Amino acid sequence: MRSRLKALAASWDANAGSWTRAVREGRIASRAAGTDAAILGVVAERAPRRLLDAGCGEGWLVRAAREATGCAAIGI
């Protein structure tokens with residue numbers, strides 16, 4: 001079990017930078033085609049004053065929601 005966790009952590013460390021760049025640069029076709037906009041639209045429609053994104057990944061939604069709605073937002 002321990003070696004599996006180490007392998008998972010090593011994989012994350014090796015790939016996290018590439019994933020973050022791909023998200024931030026809009027290089028994931030399905031997200032650019034509408035997934036991100038749909039998620040942000042639902043959040044903005046509710047006009048939150050505060051937002052907690054648990055499991056936020058690289059944090060795009062927190063940044064976009066804060067910009068779109070002016071809410072206080074945090075991601076973990």
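Worth a mention:
- Contact annotation: residue pairs with Cβ atoms under 6 Å, 6 or more positions apart or on different chains, pairing a residue in segment 14-37 that is assigned to a helix (DSSP H, G or I) with a partner that is at pLDDT below 90, are Thr20/Glu58; Val23/Glu58; Ala32/Gly26.
- Verdict on Ala32 being open to solvent by less than 60 Å² (accessible area, probe 1.4 Å) and aliphatic (A, V, I, L, M): no
- Scanning segment 18-26 for residues that are over 15 Å from the mean Cα position of the chain (by Cα), open to solvent by less than 70 Å² (accessible area, probe 1.4 Å) and at negative phi turns up nothing.
- Qualifying positions in segment 1-17 - surrounded by 10 or more Cβ atoms within 10 Å (Cβ to Cβ) and either closer than 25 Å to Trp60 by Cβ or touching a Gly at 6+ places or on another chain (Cβ under 6 Å) (or both): Leu8, Ala9, Ala10, Ser11, Trp12, Asn15, Ala16, Gly17
- Considering only residues in segment 50-76 that are part of a loop (DSSP other than H, G, I, E, B) and touching a strand residue (DSSP E or B) at 6+ places or on another chain (Cβ under 7 Å), the one that is farthest from Asp13 (Cα to Cα) turns out to be Cys71.
- Search result, residues across segment 60-74 that are touching a helix residue (DSSP H, G or I) at 6+ places or on another chain (Cβ under 9 Å) and open to solvent by less than 30 Å² (accessible area, probe 1.4 Å): Leu61, Ala64, Ala65, Cys71, Ala73
- When Arg49, Arg2, Arg21, Arg31 are checked against the criterion of being basic (Lys, Arg) and modelled with pLDDT of 95 or more, a single residue qualifies: Arg49.
- Sole exception among (1) within 12 Å of the chain's Cα centre (by Cα); (2) surrounded by 13 or more Cβ atoms within 10 Å (Cβ to Cβ) for Gly55, by number: (2)
The values are calculated or read from the model by the stated rules, or taken from the named source; none is laboratory data. Everything quoted here is computed from the prediction, not taken from an experiment. When we count neighbours, we look across all protein chains shown, and the Cβ atoms used for this are built from the backbone with ideal geometry, even at glycine. Quick note on the areas: whole protein, heavy atoms, side chains included, nothing else; ligands and nucleic acids left out. Shrake-Rupley method; radii C 1.70, N 1.55, O 1.52, S 1.80 Å.
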